[in-house]
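Here's the structure, in structure tokens; my notes come after.
Please treat every number below as a calculation from the coordinates, not as lab data. Not measured: the values here are computed from a predicted model. A quick note on method: Cβ atoms are made from the backbone with ideal geometry, for glycine too, and the neighbour counts reach across all protein chains shown.
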Amino acid sequence: MQETRAWWKEAVVYEVYPRSFADSNGDGIGDLNGITEHLDYLKTLGVDVIWITPFFASPNTDNGYDISDYQAIMKEFGTMEDFDRMLSEIHKRGMKMVLDLVVNHTSDEHAWFIESRKSKDNPYRDYYIWKDGKDGQAPTNWGSRFSGSAWAYDEGTGQYYLHLFSTKQPDLNWANPKVRDEVYRMMTWWCEKGIDGFRMDVISSIGKERYEDGPVASGRIYGNDAPFCKHTESTHRYLREMREKVLSHYDLITVGEAGGTVEQACRYASSDGSELNMIFSFEHNDALNDHTAMGKWSDHGAPLGEVREILNRWQTQTAGKAWNSVYLTNHDQPRQVSRYGNDSPLFRERSAKMLATLIHMMRGTVYVYQGEELGMTNAYFTKLSQYRDVEVFGTWEQWVESGRVNPEDMMRWFERISRDNARTPMQWNRNKNAGFTDGTPWIEVNPNYLQINAEDEMQDPDSVFHYYQKLIELRHTMDIVVYGSFVPMLEESEAVYAYRRELDGNTLSVFCNWTERTVDCPEADAVPGRELISNYATHKPGVLLPYEARVIFTES
Ligand code: GLC
Ligand code: CA
């Protein structure tokens with residue numbers, strides 16, 4: 001089936017985590033002017049769209065994902081004038097900007113919540129989800145994603161409010177039409193300012209339908225809210241309403257942070273255009289959880305078989321039904337090369353390029369997370385005091401301080417999986433603090449910036465940076481990369497991830513060695529045609545070298 005063309009299908013999106021990107025005024029915190037100063041860098045890389053994680057007024061319990069005013073800029077990040085200048089400089093360079101829409105919850109310091117908690121008959125009471133306790137306990141057994149109960153008791157009115165995330169992130173009540181109107185009005189305000197799209201935070205949880213105890217998995221402390229709060233019919237209804245009231249009036253790129261199954265994705269991102277352009281899947285990251293009480297905190301590696309089965313399924317089962325987004329990691333995951341590749345000095349560059357090849361040649365809009373294009377690695381913090389993430393501290397309290405898990409295990413899991421791994425400052429050059437700030441950075445800089453930084457990589461034609469640049473250019477110049485169909489290959493191989501893309505009789509064949517060994521792969525040599533890109537200058541007959549990636553174009 002012929003894929004319909006759209007600019008957002010051809011786009012490569014770059015995710016900026018502003019706090020850690022570039023600090024322009026020496027307070028140790030990245031800011032909007034810092035982003036503006038580095039737009040030429042992003043233009044040189046070749047990306048089309050910049051998604052900037054939340055930069056709105058916020059007390060920063062969850063680094064801006066707790067918003068106290070949707071139409072004001074976070075003080076630490078600058079002013080509305082800084083925003084306007086940044087947006088116009090982005091547009092001047094022919095790039096677009098995506099805003100992070102965080103409307104499952106607000107901060108408890110948002111004016112709506114301050115009103116809401118005042119009294120049961122306050123006009124804003126129903127903007128949030130308030131319930132009576134049950135036998136002196138929380139209304140349901142649900143756990144917050146950041147540990148503890150998902151309900152907080154509020155002395156003032158003697159009721160509980162729902163917070164699927166931290167206690168400082170109360171959930172909005174989307175069943176209230178006034179809430180939806182406020183959100184649509186705010187979205188329209190930003191669209192009128194000229195933004196080009198929305199990344200929608202935990203959008204699959206906006207439609208809560210029932211408030212009942214959820215199943216408690218073995219070893220867990222709290223019940224699961226998913227059956228009542230995730231992927232519900234009302235969520236789909238609200239998204240269709242949002243399309244009608246806001247999205248359909250502008251030419252936007254929309255991506256929902258939704259997770260779920262491929263079937264669910266096909267509804268959110270249906271080609272009929274009734275809801276969103278695409279969603280982010282979580283399945284590849286979630287599958288590497290150990291499915292024990294500790295969830296993602298585990299020693300589970302990233303075996304080829306598991307990753308390939310999932311990514312291939314998303315590639316093939318969305319065909320003809322929905323558009324896909326492709327990425328391995330983001331600001332909520334450890335660093336890509338550390339999690340899926342090999343960050344030892346011997347293999348870091350090769351494996352970073354191999355993973356990039358694998359993702360960039362797939363069908364879907366590609367997302368690059370800041371620093372990934374340099375092959376930045378995990379932070380490997382050794383002390384709890386080096387961490388900054390609310391999730392880390394909540395987890396520590398729930399599992400270690402209560403004596404359920406020993407501190408060594410927890411510290412090791414944080415080192416492997418914690419979100420702070422991806423939040424250390426962007427490594428710009430070899431100057432103090434990697435060129436991120438003249439002051440004291442809010443989170444420590446990874447000491448490997450002397451070996452891994454943008455300035456050095458921009459001078460080295462063989463760098464990870466230039467490899468990304470070339471991959472992005474291929475997407476921009478070859479229709480087959482965007483619109484080709486996806487056909488898995490060598491699905492039984494224990495070392496090689498291979499697939500091909502097909503369009504108008506032409507073929508693109510991709511071979512990636514997932515291991516640090518030289519492995520047999522006569523199939524790669526057997527494909528006739530022209531090599532488009534590889535992370536090795538020369539090959540050995542019949543084999544793929546450690547972490548080798550090769551892309552071959554065959555014309556009919
Ligand atoms: C999303 C964000 C994450 C945040 C959470 C709560 O998952 O990506 O960073 O903590 O939502 O807003
Ligand atoms: Ca700053």
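Some notes on this structure:
- Anchor Lys540: lysines whose Cα lies under 26 Å away (excluding residues fewer than 8 positions away in-chain): Lys353, Lys470
- Counting only lysines at least 8 places from Lys245 when in the same chain, those with an alpha carbon closer than 19 Å to its own are Lys178, Lys193.
- The chain: angle of helix 304-317 to the longest principal axis, Cα-based, in degrees nearest 10: 80
- Counting charges near Trp323 (Lys, Arg +1; Asp, Glu -1) among other residues having Cβ under 12 Å from its Cβ returns a value of 0.
- Cα-based equivalent ellipsoid of the chain: semi-axis lengths in Å, sorted from largest, via gyration tensor: 38, 26, 25
- Our note on the geometry: Cα centres of the stretch 109-135 and the stretch 325-402, 38 Å apart.
- Cut-off 11 Å between beta-carbons: net charge of the residues surrounding Gln169, Lys and Arg +1, Asp and Glu -1: -4
- The chain: angle of helix 233-245 to the longest principal axis, Cα-based, in degrees nearest 10: 80
- Assigned charges on the beta-carbon of Lys, Arg, Asp, Glu; the chain dipole about Cα centre (debye): 500
- All aspartates and glutamates inside 12 Å of Lys383 as judged from Cα atoms, apart from same-chain residues fewer than 8 positions distant: Glu408, Glu415, Glu444
- For the chain, the longest principal axis of the C-alpha atoms and the axis of helix 177-193 are separated by about 50°.
- Label-reachable residues, the stretch 65-92, where backbone N falls under 12 Å from a point 7 Å from Phe393's Cα toward its Cβ: none
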